[in-house]
Amino acid sequence: MTDLQAIADRVEIEALRGEFTDAAMMRDRARLASLFTPGGVLRMPNIPVELVGQEEIRAGGERLQDQWEFFVQTTHPGTIQLDGDTATGRAYMQELARTRDGRQGLNHAIYHDRYERTPDGWKFTERVYEVRYLDTSPLAGSAPHPAGAPADPPAGKMPPAEGRR
């Protein structure tokens, strides 16, 4: 493998991890599932949930996301170890969430990942979620719009700025 190929692989894997967070934040369950190989696994032992295959990942994501009043996830770069057409890595997460039943919290976690190069690019073969810090204190803030509503209003539909002079 050339140094340029290794750089390209690392960029593609980092983009895959960012795509996962974007799909989760945008509630795009089909896109989220498509980021896994057909037999890929998403494990979240703290819930506990184990989803195997793209259809289970899509349906499981739908069940989880339907519980959220709001959910904010940020991904921070971690390690990537390349080994030909496979790789392993870690991504560091910070999340804020409140569910419709009032559970809420802030956490810091790690995704322990396995990746595989496919004809469609790098995909997850496994993601294992490990919570490292959990704070279930009441969150002081709230979502500025209902769950599932677009984050940005369409052009020309901006609400008037409050307090603008």
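Criterion first (surrounded by 14 or more Cβ atoms within 10 Å (Cβ to Cβ) and farther than 15 Å from residue 120 by Cβ) does residue 11 satisfy it? In short, no. Of all residues in region 31-54, those that are surrounded by fewer than 19 Cβ atoms within 10 Å (Cβ to Cβ) and in a loop (DSSP other than H, G, I, E, B) total 5. For first residues located in region 52-77 and farther than 18 Å from residue 16 by Cβ, partners that are among the acidic types (Asp, Glu) and surrounded by 15 or more Cβ atoms within 10 Å (Cβ to Cβ) and lie 6+ apart or on another chain with Cβ distances below 8 Å form the pairs 71/95; 72/95.
Residue 57 meets each of the listed conditions (1) closer than 22 Å to residue 136 by Cβ; (2) part of a helix (DSSP H, G or I) apart from (1). Residue 63 meets all of the listed conditions (1) part of a helix (DSSP H, G or I); (2) of a type in the set (Lys, Arg); (3) surrounded by 16 or more Cβ atoms within 10 Å (Cβ to Cβ) but one, namely (3).
Against the numbered list (1) on the phi < 0 side of the Ramachandran plot; (2) modelled with pLDDT under 95, residue 102 comes up short only at (1).
Within region 73-87, being in a strand (DSSP E or B) and surrounded by 16 or more Cβ atoms within 10 Å (Cβ to Cβ) holds for 73, 75, 80, 82, 87. Can you tell me which residues in region 1-14 are hydrophobic (A, V, I, L, M, F, W, C) and touching a residue at least 24 places away in the same chain (Cβ under 8 Å)? Within region 1-14, 1, 6, 13 meet the criteria.
To keep it simple, each residue is scored yes or no on (1) within 14 Å of residue 58 (Cα to Cα); (2) touching a residue at least 24 places away in the same chain (Cβ under 8 Å).
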position: 19; (1), (2): no, no
position: 24; (1), (2): yes, yes
position: 30; (1), (2): yes, yes
position: 38; (1), (2): yes, no
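Of all residues in region 127-138, those that are under 9 Å from residue 45 (Cβ atoms) have Cβ atoms under 7 Å from Cβ atoms of residues that are surrounded by 10 or more Cβ atoms within 10 Å (Cβ to Cβ) and charged (D, E, K, R), 6 or more apart or on another chain, in 128/43; 129/43.
The values are calculated or read from the model by the stated rules, or taken from the named source; none is laboratory data. Predicted model, so just to flag it, every value in this text is computed and none were measured. With ideal geometry, Cβ positions are generated from the backbone for all residues, glycine too; neighbour counts draw on all protein chains shown.
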